[in-house]
Amino acid sequence: MKILLVYPEFPDTFWSFKHALKFVGKKASLPPLGLLTIAAMLPENWERRLVDLNVRQLKTKDISWADMVFISGMAVQQTSARQVIDRCHNAGVIVIAGGPLFTAGYEQFPDVDHFVLNEAELTLPPFLEDLKSGVPDKIYTTEEYPDITRTPAPQWDLLEMGKYASMAIQFSRGCPYQCDFCNITALLGHKIRTKTSVQIINELEGLRKFGWKGTLFFVDDNFIANKSYLKKELLPQLIAWRKANSQSNPCYTECSINLADDPELMELMVQAGFKQVFIGIETPDNVALQACGKQHNTSRDLLDNIRLIQRAGLEVMGGFIVGFDSDTPSIFSKQIEFIQKSGIVTAMVGILQALPGTRLYERMKSEGRLLNTLSGDNADGSTNIIPKMDSELLRKGYMEMMLYLYTPKNYYQRIKTLLKEYKVPETSDMMRMSQIMAVIRSIVWLGVLGRERFQYWGMLFWTILRHHRALPLAITLAIYGHHFRKVCQMYIRQKETLANTA
């Protein structure tokens, strides 16, 4: 059996980092971890090939080679996914689909032959068994959650690793919190399930043997949910492995703000190579936080917590939302003030969207406030909710806020605010060729040709004089800013085009 695994293309969004990747000569931020894990679950005697459309095109000969095509993706990839499905369907090739996009709305894809939904550890084996017997069903689903200590390591050999900026590792699934807008618990449940430290080290060993020395993203939705296991087992094992193998891969992950309450955990994470954490701040407004079920962000000084994390040596990237029912037009200035003071340079701000399977989705549906316009991109200025605030006022306020945050003057000021607090590691790793080229390109594209060249040089000289060891981070953030401004401008052009044609 010949299996073609296809990962749809991401559109140009804040999360794609498309314009930043050019500086380091990469094609995509992350590999398709889910498909690589699926590949490892297939029968050993089956041939496998991977086509990641973020790295290269899907050719007719790829489809012709395959007996079956496995496709997986997220909502934001839906346009590309439909195109792939159409091509395979027209070519008469069997299509099997899974992953968040299809688990949340498989009914919208009538040309898919079989759906293997939820977590494949439970739904793929019965599909394979029925396929072997010649009687596969249309849909395979489950309400159970698998024991991921039995999940195999991803099949790294299918990748063109040199085309990616980071590799992905998964330690845990699930989240204990009750945020009504988040679909993680709908997909993966509230109970935290973890792999063993042995599994994680084996996966890292696999990457090391393939020569990977770059960044590692632990894709957990809340990496610190099982603090005890992290502190007693995984992080000490990870620290020991890095020392024994002279590994210096920088790591980043996602976690909750209560990381600030645990100095020991932060210190261990830094020793284990973690440099950045993405945290869902959402809003500085406690009323909105309480209403959406994010109580763990209330009753605390968020700004102080962010500074504690930054001072421990972890750069905070933040997620923010506008469009909660309690939001008034003053929320835009409040968000701007908070973000500027926090030194969160990478501030991902979106308008509230209701994702299928969430409590928010069901509430909006029952209130007649649900629109059929879900893009899957939570930072494109659109929403599938009829907001309490005037829709045009919300859209305009959001776009003005984004322009303010990513205007060079304000963006570079946040870099300085971060560096005043951020604890730079004592030792600096030797720069790789891709990083050296990124520095050179940033000087040319931002410092010479860019409209922000005055702010760029001002920030660089300030960093050299006051925080010279943080210079690589400062340049990286300047490159990110270039990407964010490009995407902002693209969104604004799209909205203006829509307004003019309406």
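The values are calculated or read from the model by the stated rules, or taken from the named source; none is laboratory data. As the structure is a computational prediction, the values presented were derived from the model and not from experiment. Here the Cβ is made from the backbone with ideal geometry for all residues, glycine too, and neighbour counts use every protein chain on show.
List the number of the failed condition for Gly381; all other conditions in (1) touching a strand residue (DSSP E or B) at 6+ places or on another chain (Cβ under 8 Å); (2) modelled with pLDDT of 95 or more; (3) on the phi > 0 side of the Ramachandran plot; (4) not polar (S, T, N, Q) hold.
That leaves (2) as the condition not met.
Give the residue that is nearest to Lys423 (Cα to Cα), with candidates limited to residues of the range 260-310 that are assigned to a loop (DSSP other than H, G, I, E, B) and of a type in the set (Gly, Ala, Ser).
If we take residues in the range 260-310 being assigned to a loop (DSSP other than H, G, I, E, B) and of a type in the set (Gly, Ala, Ser), then Gly273 is nearest to Lys423 (Cα to Cα).
For the range 75-88, what are the residues that are under 22 Å from the mean Cα position of the chain (by Cα) and surrounded by fewer than 18 Cβ atoms within 10 Å (Cβ to Cβ)?
Thr79, Arg82
Name the residues in the range 315-337 that are over 20 Å from Ile257 (Cα atoms), in contact with a Gly (Cβ under 8 Å, 6 or more places away or on another chain) and not aliphatic (A, V, I, L, M), would you?
Pro329, Phe332
Determine, yes or no, whether Phe332 is surrounded by 16 or more Cβ atoms within 10 Å (Cβ to Cβ) and more than 30 Å from Gly73 (Cα to Cα).
Yes: the conditions hold for Phe332.
Among the residues of the range 93-150, how many are under 22 Å from the mean Cα position of the chain (by Cα) and closer than 25 Å to Arg82 by Cβ?
So the answer is 13.
Considering each residue of the range 255-269, count those that are within 21 Å of Leu216 (Cβ to Cβ) and crowded, with 18+ Cβ neighbours inside 10 Å, and give that number.
Of the residues in the range 255-269, 7 are within 21 Å of Leu216 (Cβ to Cβ) and crowded, with 18+ Cβ neighbours inside 10 Å.
Of all residues in the range 155-175, count the ones that are modelled with pLDDT of 95 or more and touching an Asp or Glu at 6+ places or on another chain (Cβ under 7 Å).
4
Restricting attention to strands (runs of 3 or more DSSP E) lying wholly within the range 154-259, give those where 2 or more residues are under 22 Å from Ala120 (Cβ atoms).
166-169, 215-218
For the range 43-54, name all the residues that are among the hydrophobic types (A, V, I, L, M, F, W, C) and surrounded by 19 or more Cβ atoms within 10 Å (Cβ to Cβ).
Selection gives Leu50, Val51, Leu53.
Do we have Asp325 as modelled with pLDDT of 95 or more, within 29 Å of Asp390 (Cα to Cα), more than 22 Å from the chain's Cα centre (by Cα) and of a type in the set (D, E, K, R) here?
Spelling it out, Asp325 is indeed modelled with pLDDT of 95 or more, within 29 Å of Asp390 (Cα to Cα), more than 22 Å from the chain's Cα centre (by Cα) and of a type in the set (D, E, K, R).
Please specify each residue of the range 212-237 satisfying the condition of being touching a Leu at 6+ places or on another chain (Cβ under 8 Å), among the aliphatic types (A, V, I, L, M) and surrounded by 20 or more Cβ atoms within 10 Å (Cβ to Cβ).
Matches in the range 212-237: Leu216, Ile224, Leu230, Leu235.
Show the residue pairs meeting these rules: Cβ distance below 6 Å; 6+ apart or different chains; first residue within the range 101-128 and surrounded by 19 or more Cβ atoms within 10 Å (Cβ to Cβ); second residue among the aromatic types (Phe, Trp, Tyr) and in a strand (DSSP E or B).
That search, which allows pairs on different chains as well, returns Phe102/Phe115; Val116/Tyr140; Thr123/Tyr140; Phe127/Tyr140.
State which residue is surrounded by the fewest Cβ atoms within 10 Å (Cβ to Cβ) when the search covers only the range 163-188 and only residues that are aliphatic (A, V, I, L, M) and over 20 Å from Thr149 (Cα atoms).
Among them, the one singled out is Ala186.
Being touching a Phe, Trp or Tyr at 6+ places or on another chain (Cβ under 9 Å), farther than 26 Å from Ser64 by Cβ and aromatic (Phe, Trp, Tyr) is the filter here, so list the residues in the range 107-152 that pass it.
Answer for the range 107-152, where residues must be touching a Phe, Trp or Tyr at 6+ places or on another chain (Cβ under 9 Å), farther than 26 Å from Ser64 by Cβ and aromatic (Phe, Trp, Tyr): just Tyr140.
Answer with yes or no whether Ala165 is within 21 Å of Leu230 (Cα to Cα), in contact with a helix residue (DSSP H, G or I) (Cβ under 7 Å, 6 or more places away or on another chain) and not acidic (Asp, Glu). First the steps, then the outcome.
Working: within 21 Å of Leu230 (Cα to Cα): no; in contact with a helix residue (DSSP H, G or I) (Cβ under 7 Å, 6 or more places away or on another chain): yes; not acidic (Asp, Glu): yes.
Considered against the rule, which asks whether it is within 21 Å of Leu230 (Cα to Cα), in contact with a helix residue (DSSP H, G or I) (Cβ under 7 Å, 6 or more places away or on another chain) and not acidic (Asp, Glu), Ala165 comes out as no.
Out of Glu400, Glu367, I need the residue that is surrounded by fewer than 20 Cβ atoms within 10 Å (Cβ to Cβ), over 30 Å from Thr476 (Cβ atoms) and either of a type in the set (Asp, Glu) or assigned by TED's automatic domain parsing to the domain that holds His483 (or both). Which one? Don't jump to the end; show me each part of the working.
On the way: Glu400 fails: over 30 Å from Thr476 (Cβ atoms).
Residue meeting the stated conditions: Glu367.
Since Arg395 meets every condition but one in (1) part of a helix (DSSP H, G or I); (2) in the same structural domain as Arg311 (by TED's automatic domain parsing); (3) in contact with a Ser or Thr (Cβ under 9 Å, 6 or more places away or on another chain); (4) free of Cβ contacts under 8 Å to residues at least 60 places away in the same chain, which condition does it not meet?
All conditions pass for Arg395, except number (4).
Among the listed residues Ala312, Ala260, Ala272, identify the single one that is in contact with a helix residue (DSSP H, G or I) (Cβ under 6 Å, 6 or more places away or on another chain) and either at positive phi or in contact (Cβ under 8 Å) with a residue 60 or more places away in the chain (or both).
Ala312
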